[in-house]
Amino acid sequence: MPAEPGTVLEISAPDDWHVHLRDGEALSAVAPFTARQFRRAIVMPNLRPPIQTVGEAEAYRKRILEACGDAAFAPLMTLYLTETTEPEEVDRAAASEFVAGIKLYPAGATTNSEAGVHSLSGLYRVFERMEERDLVLEVHGEVTDRQADVFDRERLFLERELAPLVERFQRLRVVFEHVTTREAVDFVRETKGRVGATITPQHLLLNRNALFAGGIRPHNYCLPVLKREEHRRALVDAATSGHSRFFLGTDSAPHSRSSKETACGCAGVFSAPLALELYAEVFDNEDRLDQFEAFASTNGPAFYGLPKNTDRVRLCKQPRAVPTEYDFGSETIVPFRAGEQVSWVLLA
Ligand code: DOR
Ligand code: ZN
């Protein structure tokens, strides 16, 4: 039975283990939403140009903190892996207080991934050093082969690239980011301890029908693309099971309205203003609110070897309207569920 209206749920303060905050006026527009909902967030490095060094991450982190004002928010930074990344950068990252991992984008897989990696074999020295330093590798897991069906790209990456990598580097800790398939969920369950996964709200709430519901729906388009219902079901089972290696990562990926509503729209769902409430809805629908804290607040820090947040937050089951758009610098941005309702609200 889903919770009664008015039910209050209290959990340890949550973190977002995968978010895009952008830079400049976009950063100022979106970062406060994440800082209000979460105590920490793993910030993706796919800026133009990408964040490749600890020095660049440090400067970007300062810009993020400025954009968040006095919110008690700690950005955890990631470096963008390229074919020229040196093992010494891994040393510097591991020694820094604020770099939490290195992000692997297959070249051409998604937004600003052109500087990413064509072949993993040239990077074995980097992966070895990451094992030694116990630095987490965050992976966008999709093949970039344009012949491959877009709905199969995650499964094919898992078979061709990720499974062999995890086999070769037995001590490497990996986060399989924004998993979207049953195969990915099964793989995480089978790899004992070293592989975790983030799951987004949209992949828990929608299947691929939502891309074409009554017409094309650009605001539901992200990468990896939404999958069939059987995959959504596997993700919901994993997230709500309490399994320690599945945790919250919104992949909130802001793009202006004009760059989404166009002939070739950008990939990304903007969920930052209501992410926690969306996840609560998933757990409530499954009658698994008892597992919400594990997914939102416990499993992520445990995987990253960080302490759980000590303060607590409260959510109330009370419908609220989702705005149709927000300001986004000189443009506007359309959030997930724009103009509809979400059934929980995060209390101040
Ligand atoms: O939909 C997505 N948007 N997927 C990604 O992997 C990147 C992201 C972005 O940066 O816009
Ligand atoms: Zn992302």
Next item on the list: Kindly list the number of the only condition in (1) part of a helix (DSSP H, G or I); (2) open to solvent by 10 Å² or more (accessible area, probe 1.4 Å) that fails for T110.
Entry: (1)
Check: When R22 is evaluated against the numbered criteria (1) buried (at least 21 other Cβ atoms within 10 Å of the Cβ); (2) basic (K, R); (3) more than 16 Å from ligand 2 (Cβ to nearest atom), which criterion, by number, is the only one it fails?
Finding: (3)
Margin query: Please determine whether any residue of the stretch 196-207 is away from ligand 2 (no atom under 16 Å from the Cβ), touching a residue at least 40 places away in the same chain (Cβ under 8 Å) and touching an Asp or Glu at 6+ places or on another chain (Cβ under 8 Å).
Written below: yes
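Each row is one residue, and each column tells you yes or no for (1) surrounded by 19 or more Cβ atoms within 10 Å (Cβ to Cβ); (2) modelled with pLDDT of 95 or more; (3) out of contact with any Asp or Glu (no Cβ under 9 Å at 6 or more places or on another chain); (4) of a type outside the set (G, A, S).
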| site | (1), (2), (3), (4) |
| --- | --- |
| T240 | yes, yes, no, yes |
| P254 | yes, yes, yes, yes |
| E286 | no, yes, no, yes |
| A294 | yes, yes, yes, no |
| D311 | no, yes, yes, yes |
| P319 | no, yes, yes, yes |
| I333 | yes, yes, no, yes |
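T250: buried (at least 19 other Cβ atoms within 10 Å of the Cβ), in contact with a Ser or Thr (Cβ under 6 Å, 6 or more places away or on another chain) and of a type in the set (V, I, T), yes or no?
Working: buried (at least 19 other Cβ atoms within 10 Å of the Cβ): yes; in contact with a Ser or Thr (Cβ under 6 Å, 6 or more places away or on another chain): yes; of a type in the set (V, I, T): yes.
Against the criterion (buried (at least 19 other Cβ atoms within 10 Å of the Cβ), in contact with a Ser or Thr (Cβ under 6 Å, 6 or more places away or on another chain) and of a type in the set (V, I, T)), T250 qualifies.
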Check: Tell me, which strands (runs of 3 or more DSSP E) wholly within the stretch 1-78 include 2 or more residues that are touching a strand residue (DSSP E or B) at 6+ places or on another chain (Cβ under 9 Å) and away from ligand 1 (no atom under 16 Å from the Cβ)?
Finding: 8-12
Note to self: Looking at the stretch 25-53 only, could you name the residues that are open to solvent by less than 20 Å² (accessible area, probe 1.4 Å), touching a Leu at 6+ places or on another chain (Cβ under 8 Å) and farther than 19 Å from V139 by Cα?
What the structure shows: L27, V30, A31, T34, Q37, F38
Check: Which residue pairs have Cβ atoms closer than 7 Å, lie 6 or more positions apart in sequence or on different chains, and pair a first residue in the stretch 305-319 that is polar (S, T, N, Q) with a second residue that is open to solvent by 90 Å² or more (accessible area, probe 1.4 Å) and not in a strand (DSSP E or B)?
Finding: Q318/P5
Item checked: Options E25, E83: the member that is more than 20 Å from the chain's Cα centre (by Cα), within 21 Å of L104 (Cα to Cα) and of a type in the set (D, E) -> E83
Notebook entry, point to check: Within the bounds of the stretch 194-206, is there any residue that is modelled with pLDDT of 95 or more, open to solvent by 10 Å² or more (accessible area, probe 1.4 Å), among the aliphatic types (A, V, I, L, M) and not in a loop (DSSP other than H, G, I, E, B)?
Noted result: yes
Margin query: Pull out all pairs, ordered by first then second residue, where Cβ-Cβ is under 6 Å, the residues are six or more apart or on different chains, the first lies in the stretch 111-138 and is under 27 Å from P254 (Cα atoms) and modelled with pLDDT under 95, and the second is open to solvent by 30 Å² or more (accessible area, probe 1.4 Å) and within 16 Å of ligand 1 (Cβ to nearest atom).
Written below: N112/R48
Note to self: If I filter the stretch 229-252 for residues that are charged (D, E, K, R), at positive phi and touching a His at 6+ places or on another chain (Cβ under 9 Å), do I get at least one hit?
What the structure shows: yes
Note to self: What are the pairs with Cβ atoms under 8 angstrom where one residue, in the stretch 13-33, is within 12 Å of D327 (Cβ to Cβ) and the other, located anywhere, is within 15 Å of ligand 2 (Cβ to nearest atom) and assigned to a loop (DSSP other than H, G, I, E, B)? Sequence gap at least six, or different chains.
What the structure shows: A26/P254; A29/P254; V30/L21; V30/R22; V30/P254; V30/F270
Note to self: With within 27 Å of A93 (Cβ to Cβ) and in contact with a Pro (Cβ under 6 Å, 6 or more places away or on another chain) as the only criterion, which of E154, E138 stands out?
What the structure shows: E154
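So which helices (runs of 4 or more DSSP H) stay within the stretch 240-312 end to end and still have 3 or more residues that are within 19 Å of the chain's Cα centre (by Cα)?
Details: elements: 257-260, 275-285, 299-304.
Here the list reads 275-285, 299-304.
Report the residue count in the stretch 178-193 for those that are open to solvent by 10 Å² or more (accessible area, probe 1.4 Å) and among the hydrophobic types (A, V, I, L, M, F, W, C).
Of the residues in the stretch 178-193, 1 are open to solvent by 10 Å² or more (accessible area, probe 1.4 Å) and among the hydrophobic types (A, V, I, L, M, F, W, C).
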Check: Which of the residues spanning the stretch 144-165 are assigned to a helix (DSSP H, G or I), open to solvent by 10 Å² or more (accessible area, probe 1.4 Å) and without any contact (Cβ under 8 Å) to a residue 40 or more places away in the chain?
Finding: R155, L156, L158, E159, R160, A163, P164
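The values are calculated or read from the model by the stated rules, or taken from the named source; none is laboratory data. Here the structure is a predicted model, which is why all the values come from computation and not from measurement. A quick note on method: Cβ atoms are made from the backbone with ideal geometry, for glycine too, and the neighbour counts reach across all protein chains shown. The protein model used for the area step is the full one, side chains on, heavy atoms only, and it has no ligands, DNA or RNA in it. Shrake-Rupley method; radii C 1.70, N 1.55, O 1.52, S 1.80 Å.
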